[in-house]
Amino acid sequence: MQAYLARRLLALIPALFFASLIVFVIVRLVPGNIIDMMLAQNDVGADKLSRDQLVGALGLDRPMWQQYFHWIGGILLHGDFGRSLWQNTPVRELLGARLPVTFQLGFMALIVALIIAIPIGIYSAIRQDTAGDYLTRSFSILMLAVPSFWMGTMVMVFPSIWWGWSPQVKFVAFTEDPLQNLKQMILPAVILGTALSAITMRLTRTMMLEVLRQDYIRTAWAKGLSENLVVVRHALRNALIPVVTLIGLQAPILIGGAVIVEQIFVIPGMGLLLLDAISQRDYPIITGVSLVIGFCVMLINLAVDLSYGLLDPKVRYR
Amino acid sequence: MTRPLLEVNNLTTRFRTERGTVAAVDGVSFQVAPGETLAIVGESGSGKSVTALSVLRLIPNPPGRIESGEILFDGVNLVKLDDPGIRAVRGNKIAMIFQEPMSSLNPALTVGLQVAEPINVHRGTPWAKAYEAATELIGRVRIADAASRLNSYPHQYSGGMRQRVMIAMALACAPRLIIADEPTTALDVTVQAQILDLLKEVTRETGSSLILITHDLGVVARYADRVAVMYGGRIVEVAPARDLYARPQHPYTLGLMASVPRLDGGGGRRLMPIEGQPPDLASLPPGCSFGPRCRSIIPQCRTERPELIQVADRHAKACFANV
Ligand SMILES: Nc1ncnc2c1ncn2[C@@H]1O[C@H](COP(=O)(O)OP(=O)(O)OP(=O)(O)O)[C@@H](O)[C@H]1O
Ligand code: SF4
Ligand SMILES: [Mg+2]
């Protein structure tokens, strides 16, 4: 088990290396030049001199490979992700402030998704082809079809039209005022979680149906167990194994959704940071955020692989 | 004769299929006395498993349904019991052992839990105590090192060992009837006899009755007191095992006997197919369903359906001809 974990962690190194390379290069291929933007904003006459000075000051005059090694070296040696080109704040500070917010949103959304998906998926399976099953299946198709940005927008717009409700403008961190923070986060989490729940619900239903047909479920009935025991003790565990995989695969979707939802609800998380940085071509922020997101996704997938062992006794980590 | 422990009267179980509803079990009646071993034999698809599952009301619905008949267990009609009522019988008074030991145990739960579970559920015994009882049961089915086996999982066991676990599980609440549906068909020949001997031994010890479903006439001769022969969802002949071997009276039974070398010898011989196809339940011929394959067929067989009638002491058959 420990050897397995060590090997898996080692394998992260090349993956992260390639991720960093790709992120670094792609960002610089995005059309639009930060220098032009800065010059335009500062209304400086774009004469040759000030332009070169700016490029030099930002370190963008060196060849790309030098820039890359400077950047990655900083991260590896000092945990230094560079500084924002616009605000000159260290990217690490920005990450430190924003990461927990996105993490909280993602975690809450995941909980919401599981609370919706698992019980409804089970219900839908054990009451296959009843009205309730059809209703939940239609709901999940609807959720799959409706993008979360649209839902988010509707949730923002209609309550404000009907009741004059408006979202909190100032964000309160969990550490400052947990209750107030949860109040702010619950709606975005529910929207993100609901969107996420659709596929999980469908898979839970499919897997439950599959498992309920197995011989060992017939054995469980033949032992005189109640439906609750048959479903919860004998079927659910076996059905959840692929569901856990799916949750791992959904991690990037979850993060992608968080970016959008943060934008709609103006939640200062990684998503908002990333979007702002992209529109300003603030390279160090973009690369830093992307790298951290990639790292998180890899860790989530590792956690998923490890959790198989809890569900499936046949799994041995070698 | 003492009052039967199980008395099945006119049981009919139908399945809805794409080709219309079929009666997988069609007006079946039989009895099992306390302590008796009744074998049910017949070709594949003759309705043996459906009969067994019907007794515990385990027919998947849809597509199946017990349509009529009564199943009297200890005088109580199981067909009429409500949900908690039938649950209190399953695994408690009547236990079942299935054909596929590889897939009939839950892969995600320990063997100990699975054996202890019926005791916990039916008697309300706390888990710690139930596990103690499970250790004892696992020892009784001769799995070595029972205590340390409790925490192992089914995938660590061979097929024969798993079937022993199934037997331990069936014995958990000291049932009065055990239904074993082809318990050894999936096992190696050498293991088959061990498992059947074990079953015979534990039922003798506890005085419980046994319904033994099998393909294997060798098994019948060795382990059963009485035999019911099924064909196309009906019982066509029923008799004490000796009588059936000495004087088979139904053409189908005769065919089965002819296709198997004479009894006594060890198990392992399966029924050889008799000439012709097993009946298609969705389009049975009018009259006797064995007609198309029968050598003794007479005109009456084509129009009338033979009922099961007494032909000798404790010996009944469903056939018009004298063979
Ligand atoms: N789940 C089901 N759905 C539809 N039809 C079924 C189902 N189970 C059984 N049947 C029908 O009942 C018939 C009898 O099946 P059954 O399983 O009782 O046969 P069997 O005598 O146990 O055969 P085998 O020796 O192969 O186990 C089948 O031929 C099939 O037509
Ligand atoms: S009733 Fe007729 S067809 Fe059926 S088994 Fe007897 S002789 Fe053959
Ligand atoms: Mg069968």
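The values are calculated or read from the model by the stated rules, or taken from the named source; none is laboratory data. Here the structure is a predicted model, which means the values were calculated and not measured. All Cβ positions, glycine included, derive from the backbone under ideal geometry; neighbour counts span all protein chains shown. Remember, those area values only see protein heavy atoms, side chains included, never the ligands or the DNA or RNA. Shrake-Rupley method; radii C 1.70, N 1.55, O 1.52, S 1.80 Å.
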request  = Taking the options B:51, B:13, B:37, B:17, name whichever one is within 12 Å of ligand 1 (Cβ to nearest atom) and under 13 Å from the mean Cα position of the chain (by Cα).
outcome  = B:51
request  = State the number of residues belonging to region B:149-170 that are open to solvent by 10 Å² or more (accessible area, probe 1.4 Å) and among the aliphatic types (A, V, I, L, M).
outcome  = 3
task = Please specify each residue of region A:282-318 satisfying the condition of being within 20 Å of residue B:153 (Cα to Cα), open to solvent by 40 Å² or more (accessible area, probe 1.4 Å) and outside any loop (DSSP other than H, G, I, E, B).
result = A:306, A:308, A:310
ask   = Is one or more of the residues making up region A:163-182 in contact with a helix residue (DSSP H, G or I) (Cβ under 8 Å, 6 or more places away or on another chain), part of a helix (DSSP H, G or I) and open to solvent by 50 Å² or more (accessible area, probe 1.4 Å)?
value = no
ask   = Do we have residue A:254 as closer than 30 Å to residue A:23 by Cα and either more than 14 Å from every other protein chain (Cβ to nearest Cβ) or among the aliphatic types (A, V, I, L, M) (or both) here?
value = yes
query = If only one of B:300, B:277 is modelled with pLDDT under 90 and within 16 Å of ligand 1 (Cβ to nearest atom), which one is it?
reply = B:277
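Per-residue answers, yes or no, for (1) basic (Lys, Arg); (2) more than 16 Å from ligand 1 (Cβ to nearest atom); (3) open to solvent by less than 10 Å² (accessible area, probe 1.4 Å):
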site	(1), (2), (3)
B:202	no, yes, yes
B:206	no, yes, no
B:212	no, no, yes
B:215	no, no, no
B:221	no, yes, no
B:226	yes, yes, no
B:229	no, no, yes
B:234	yes, no, no
B:237	no, no, yes
inquiry  = Could you list, ordered by first residue, the pairs with Cβ atoms under 6 Å in which the first is in region B:91-117 and in contact (Cβ under 8 Å) with a residue 12 or more places away in the chain and the second is among the aromatic types (Phe, Trp, Tyr) and within 16 Å of ligand 1 (Cβ to nearest atom), at least 6 apart or interchain?
reply    = B:104/B:98
ask   = What do you reckon, is residue B:62 touching a residue at least 40 places away in the same chain (Cβ under 8 Å) and out of contact with any Cys (no Cβ under 6 Å at 6 or more places or on another chain)?
value = yes
key: Yes/no for residue A:279 being touching a residue at least 60 places away in the same chain (Cβ under 8 Å), small (Gly, Ala, Ser) and either at the interface with chain B (Cβ under 10 Å from one of its Cβ atoms) or open to solvent by 20 Å² or more (accessible area, probe 1.4 Å) (or both)   = no
task = Only residues that are surrounded by fewer than 24 Cβ atoms within 10 Å (Cβ to Cβ) and either away from every other protein chain (no Cβ under 13 Å) or in a helix (DSSP H, G or I) (or both): list them for region A:223-239, please.
result = A:227, A:228, A:229, A:230, A:231, A:232, A:233, A:236, A:237, A:238
task = Would you kindly identify the helices (runs of 4 or more DSSP H) lying entirely within region B:155-260 that contain at least 1 residues that are of a type in the set (S, T, N, Q)?
result = B:159-171, B:189-206, B:251-258
query = When residues of region A:135-151 are filtered for being surrounded by 13 or more Cβ atoms within 10 Å (Cβ to Cβ) and more than 22 Å from the chain's Cα centre (by Cα), how many remain?
reply = 3
query = Conditions: (1) open to solvent by 50 Å² or more (accessible area, probe 1.4 Å); (2) in contact (Cβ under 8 Å) with a residue 12 or more places away in the chain. Residue B:180 meets all but one. Number of the miss?
reply = (1)
task = Could you list, in sequence order, all residues of region B:107-127 that are at pLDDT 95 or above, facing chain A (nearest Cβ under 7 Å) and under 21 Å from residue B:156 (Cβ atoms)?
result = B:117
request  = Any chance you could count how many residues in region B:39-67 are acidic (Asp, Glu) and either closer than 17 Å to residue B:178 by Cβ or within 16 Å of ligand 2 (Cβ to nearest atom) (or both)?
outcome  = 1
